[in-house]
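Quick notes on the structure that follows.
The values are calculated or read from the model by the stated rules, or taken from the named source; none is laboratory data. Worth saying up front: this structure is predicted, and the values here are computed from it rather than measured. Here Cβ is always computed from backbone atoms with ideal geometry, including for glycine, and neighbour counts include all displayed protein chains.
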Amino acid sequence: MKKSIFKINNIMKIINSSLIILPTPMNISIFWNFGSLLGLCLMIQIISGLFLSMHYCPNINIAFNSIIHIMQDVNNGWLIRYIHMNGASFFFICMFIHIGRGIYYNSFYLFKTWNTGIMLLLLSMMTAFLGYVLPWGQMSFWGVTVITNLMSTVPYIGNDLVLWIWGGFSINNATLNRFYSLHFITPFVIMFFIIIHLFFLHETGSSNPMGLNSNFFKIPFNPYYSIKDMLGFIIIFMTLMTICSMNPYMLSDPENYNKANSLVTPIHIQPEWYFLFAYAILRSIPNKLGGVIALLMSILILLIMPMISFYKMKSFKFYFFNQIMFWIFISLFFLLTWIGGKPIETPYEFLGKILSIMYFFFFIFYTFICNLSDMKLYKI
């Protein structure tokens, strides 16, 4: 009896130190809410996905029909499916804003927290891709065909790796089964990484808009920021429910509402909108291996951000040219997303190549401007 009381007390201590008395900078803005909003989106995805898995059949002959069954025959199945489908888009909207805030306010100097965050982005993208395959529509089938074929670029073992992923000599029932299993388990891997992410964050404390050490200007997390988080939860949930009720297909590709057919190739194969920026970079490289490397580097290049400045700069609020560079980078992201959704033809093909080069060159110019700004600041 005493042991169980001690265990409860230990759990309460962790909750108390993490969510109630956690010292938090008193000047953080609404952009710091997106971390908790990501947690809410993940919980929505896990719960809605659990209910969907009760009626989904991972078989290439009936997977598409099982989705129709969920939508038409299961009580409130349409709502659960719409929440899960649009919740993925909300998850990535929050994640992109969260990363953008980290770049603008130089949160990447929390080295361990930033690196685990980038790993979370990669895991989330993998999970979303696996989930996009499950409805077994036209875009699902041809999307997985294109992406898994990229594995063939791996030297020596590429072709064997593709066959191993497929579970045969073509995309078949084994492929869908293993994608379903992986899609179900990866959110729990993400939760594990989130715990590590939060552990490193609480080790150093949150950053703040001024980029200063705020050890002497901190207030308890509860009630000041728990109220702000609750307000964010309500806004996100109401927005999600509004979209699910009014226009649930606004963020989806209509091609995926046709059943998968290996004999009919869609005119324009493209992934979901949150992958389009990376897809635009992939198809801008004429060489297949070069395209795969560029695709990976479009995400992994964020890992070099903590090493970009030798002098550990403060927030962008104090650097005018850095602010210009930041908004150029955001514009490049939006333009690449737009280009990724366009067919491979003139002028989109040429624009994609130019924007892809600019995307990677941003980090070179950004490093130069950061260090130049710091040299002037410190009068070196």
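Points worth noting:
- Count of the stretch 197-207 residues which are surrounded by fewer than 15 Cβ atoms within 10 Å (Cβ to Cβ) and of a type outside the set (S, T, N, Q): 3
- Residues (out of contact with any Phe, Trp or Tyr (no Cβ under 9 Å at 6 or more places or on another chain), in contact (Cβ under 8 Å) with a residue 60 or more places away in the chain and closer than 24 Å to residue 100 by Cβ) located in the stretch 284-300: 284, 299, 300
- Qualifying residue in the stretch 146-161 (condition: polar (S, T, N, Q), in contact with a Gly (Cβ under 9 Å, 6 or more places away or on another chain), within 20 Å of residue 304 (Cα to Cα) and touching a residue at least 24 places away in the same chain (Cβ under 8 Å)): no
- Yes/no for residue 79 being assigned to a helix (DSSP H, G or I), in the same structural domain as residue 243 (by TED's automatic domain parsing) and more than 26 Å from residue 334 (Cβ to Cβ): yes
- When every residue of the stretch 56-66 is checked against the conditions, at least one turns out to be over 22 Å from the mean Cα position of the chain (by Cα), without any contact (Cβ under 8 Å) to a residue 24 or more places away in the chain and in a helix (DSSP H, G or I).
- Residue 299 vs. criteria at pLDDT 85 or above, within 30 Å of residue 156 (Cα to Cα) and β-branched (Val, Ile, Thr): yes
- With respect to the stated conditions, residue 14 is in a helix (DSSP H, G or I), closer than 23 Å to residue 229 by Cβ and at pLDDT below 80.
- Of all residues in the stretch 302-341 being outside any helix (DSSP H, G or I), surrounded by fewer than 19 Cβ atoms within 10 Å (Cβ to Cβ) and among the small types (Gly, Ala, Ser), the one that is modelled with the highest pLDDT: 341
- Scan of the stretch 231-267 for residues that are loosely packed, with under 13 Cβ neighbours inside 10 Å and in contact with a Pro (Cβ under 9 Å, 6 or more places away or on another chain), ordered by number: 267
- Pairs are defined by a Cβ separation below 9 Å, a sequence spacing of at least 6 or placement on different chains, a first member in the stretch 324-350 that is closer than 11 Å to residue 283 by Cβ, and a second member that is among the β-branched types (Val, Ile, Thr) and surrounded by fewer than 17 Cβ atoms within 10 Å (Cβ to Cβ); the pairs so defined are 343/267.
- Among helices (runs of 4 or more DSSP H) entirely within the stretch 155-252, having at least 1 residues that are touching a Lys or Arg at 6+ places or on another chain (Cβ under 6 Å) and more than 29 Å from residue 273 (Cβ to Cβ) singles out 173-204.
- Every residue from the stretch 131-146 that is assigned to a helix (DSSP H, G or I) and either touching a Ser or Thr at 6+ places or on another chain (Cβ under 6 Å) or buried (at least 19 other Cβ atoms within 10 Å of the Cβ) (or both): 131, 132, 133, 138, 139, 140, 141, 142, 143, 144
- Among residues of the stretch 202-219 that are within 17 Å of residue 98 (Cα to Cα), those with a beta-carbon under 8 Å from a residue that is modelled with pLDDT of 80 or more and small (Gly, Ala, Ser) at least six positions away or on a different chain give the pairs 207/107; 209/29.
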